[in-house]
Amino acid sequence: MNRTVTEKLAGIITPLYYYDVDLLKKTVETAKSEADKRGYILHYATKANANPKILKIIFAAGFGADCVSGNEILRSVECGVAPALITFAGVGKTDTEINTGLDNDIFTFNCESIPEMENIDRLAEAKGKTADISIRINPDVDAKTHEYISTGKKENKFGISAWDFEKVIEKLKILKNLNLISLHFHVGSQIMDTSVFVEVCSRVNSFNQWFKERGFDLEHINVGGGLGIDYHTPDKNPIPDFASYFAIFEQNLKLYPGQKLHFEPGRSIVAQCGSLISRVLYVKEGKTKNFVIVDAGMTDLIRPALYHAHHHIENLSSNGAQKIYDVAGPICESADCFDRDVHLPETKRGDFIALRSAGAYGEVMASQYNLRAIPGSVFSDEIPVKECEINKI
Ligand code: LLP
């Protein structure tokens, strides 16, 4: 990470989320232009980072939104998304949230169960509307990622499985306020093994054919998100290889004439532009371990504690000789350790520590455990003008 950033951050309260706006814009432009070349439609997965400034940049570039709550729909609309480009997923949509979707005339509800279809039908009828829906299919594909972020196996709570399709078709005959327009898939997140996407394509092909043979001319196929990013060497791969990713679908998916292909990228758009910046509070030198205790904790970036996820850690202030440290936060949990045996230049109190690739599932997953404050966010294009107190540590 650029060390001049450190100088700019000198007077700012830590921990904080730092976002590199240029990188975000370049990533957004690359993804959009690679998608446009192939006629693909992108719905940014708002859950990855719902910071208003980030959403505004992404929606200004023409992305739609993939939302999983009523509040995500409202925030996305406030930040400029076209409601006709909003998909609404989630296994537990409440009546209020469904009504928010109906009131905003969103593109589609991704239905995850037959009881949910019945409920959307009921609420749509009450408003005199027809809801466009997708069936979220559980294709029973192993995403080969962490079990907590795998969603496409039959034992996962997500989607409707193949053995229920006949029932779905029967229901659709009765539920007059639903209009099936699409099939939706999302098998998991941080997928690095591209053979997973090839397998998804082959499953999509057979499900697409199954519905076609039963008289459904579906205009849309949505293959969700999931493209992984390089957490180990973020500076080598700041922008994911969207061209190769889309090429997999181009080569393996058999769309019917006129069918449009949709994606819901989250992490791949925002992860690399964000870092969690903290300051070193104490260096504890032990017999077998040296600990660097920073002022950020698992409350600010829960991924290492929850998924044993790796985030590249840098000391932005020191050029000293390399030493080995465990880098931990101040929370009263042993899981509050960002990484063990990290090679860092000799580190001292007050140094800036960056936890890289924190733009996705960082700020949005922050909690107030231990009654901590949620960190603020700072954007690369506004640092010099931002008024901040000095954090006296
Ligand atoms: N579409 C659906 C229906 C999803 O459930 C998700 C993510 C996405 C799209 C976006 O997936 P992405 O492109 O970001 O992989 N908190 C976890 C990740 C949870 C992902 C949940 N669903 C983490 O920090 O790794």
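So which residues in region 103-120 are in contact (Cβ under 8 Å) with a residue 12 or more places away in the chain, surrounded by fewer than 20 Cβ atoms within 10 Å (Cβ to Cβ) and either under 11 Å from residue 179 (Cβ atoms) or not charged (D, E, K, R) (or both), if there are any at all? Those that are in contact (Cβ under 8 Å) with a residue 12 or more places away in the chain, surrounded by fewer than 20 Cβ atoms within 10 Å (Cβ to Cβ) and either under 11 Å from residue 179 (Cβ atoms) or not charged (D, E, K, R) (or both): 104, 113, 114, 119.
With respect to the conditions (1) open to solvent by less than 30 Å² (accessible area, probe 1.4 Å); (2) outside any helix (DSSP H, G or I); (3) within 14 Å of the ligand (Cβ to nearest atom), residue 186 lacks only one, and its number is (1). Residues that are over 15 Å from residue 225 (Cα atoms) and either exposed (fewer than 15 other Cβ atoms within 10 Å of the Cβ) or within 16 Å of the ligand (Cβ to nearest atom) (or both) within region 147-165 comprise 147, 148, 153, 154, 155, 156, 157, 160, 161, 163, listed in sequence order. Residue 88 meets all of the listed conditions (1) within 14 Å of the ligand (Cβ to nearest atom); (2) surrounded by fewer than 24 Cβ atoms within 10 Å (Cβ to Cβ) but one, namely (2).
Given the residues 343, 312, which is the only one that is touching a Lys or Arg at 6+ places or on another chain (Cβ under 8 Å) and closer than 16 Å to residue 18 by Cα?
Working: 343 fails: closer than 16 Å to residue 18 by Cα.
So the residue among 343, 312 that is touching a Lys or Arg at 6+ places or on another chain (Cβ under 8 Å) and closer than 16 Å to residue 18 by Cα is 312.
Only one entry in 259, 190 is assigned by TED's automatic domain parsing to the domain that holds residue 139 and in contact with a strand residue (DSSP E or B) (Cβ under 7 Å, 6 or more places away or on another chain), namely 259. Restricting 62, 90 to those that are under 18 Å from the mean Cα position of the chain (by Cα), part of a loop (DSSP other than H, G, I, E, B) and under 14 Å from residue 265 (Cβ atoms) reduces the list to 62.
Per-residue answers, yes or no, for (1) surrounded by fewer than 21 Cβ atoms within 10 Å (Cβ to Cβ); (2) over 16 Å from the mean Cα position of the chain (by Cα):
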| residue | (1), (2) |
| --- | --- |
| 38 | yes, yes |
| 41 | yes, yes |
| 46 | no, no |
| 58 | no, no |
| 69 | yes, no |
| 84 | yes, yes |
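Hey, among the residues in region 303-334 that are among the acidic types (Asp, Glu) and farther than 18 Å from residue 367 by Cα, which one's surrounded by the fewest Cβ atoms within 10 Å (Cβ to Cβ)? So the residue we want is 326. For region 223-244, residues that are touching a Leu at 6+ places or on another chain (Cβ under 8 Å) and more than 16 Å from the ligand (Cβ to nearest atom) total 1. Remark: pairs (first residue in region 295-322, outside any loop (DSSP other than H, G, I, E, B); second residue at pLDDT below 95 and within 13 Å of the ligand (Cβ to nearest atom); Cβ separation under 7 Å; 6+ apart in sequence or on different chains) = 306/148; 307/146; 307/148; 307/149. Total residues in region 121-154 satisfying the condition of being over 25 Å from residue 261 (Cα atoms) and in contact (Cβ under 8 Å) with a residue 60 or more places away in the chain: the figure is 2. With respect to (1) under 30 Å from residue 363 (Cα atoms); (2) in contact (Cβ under 8 Å) with a residue 60 or more places away in the chain, the lone exception for residue 220 is condition (1). Selection of region 166-179 for residues being more than 27 Å from residue 143 (Cα to Cα) and surrounded by 13 or more Cβ atoms within 10 Å (Cβ to Cβ) yields 169, 171, 172, 175, 177, 178, 179. Does residue 370 count as among the polar types (S, T, N, Q) and modelled with pLDDT of 95 or more? For residue 370, the condition - among the polar types (S, T, N, Q) and modelled with pLDDT of 95 or more - is met.
The listed residues are 21, 28, 77, and the only one of them that is open to solvent by 10 Å² or more (accessible area, probe 1.4 Å) and either more than 16 Å from the ligand (Cβ to nearest atom) or outside the structural domain of residue 364 (by TED's automatic domain parsing) (or both) turns out to be 77. Among the residues of region 151-171, just one is modelled with pLDDT of 85 or more and closer than 22 Å to residue 197 by Cβ, namely 160.
Please pick out the residue among 216, 197 that is in a helix (DSSP H, G or I) and either within 14 Å of the ligand (Cβ to nearest atom) or of a type outside the set (Gly, Ala, Ser) (or both). Steps first, answer last, please.
Values: 216 fails: in a helix (DSSP H, G or I).
Residue meeting the stated conditions: 197.
The values are calculated or read from the model by the stated rules, or taken from the named source; none is laboratory data. Just so we're clear, the structure is a prediction, and the values are computed from it rather than from any experiment. For neighbour counting, all protein chains shown are included, and Cβ atoms are generated from backbone atoms with ideal geometry for every residue, glycine included. Note: areas computed on protein heavy atoms with side chains; ligands, DNA, RNA excluded. Shrake-Rupley method; radii C 1.70, N 1.55, O 1.52, S 1.80 Å.
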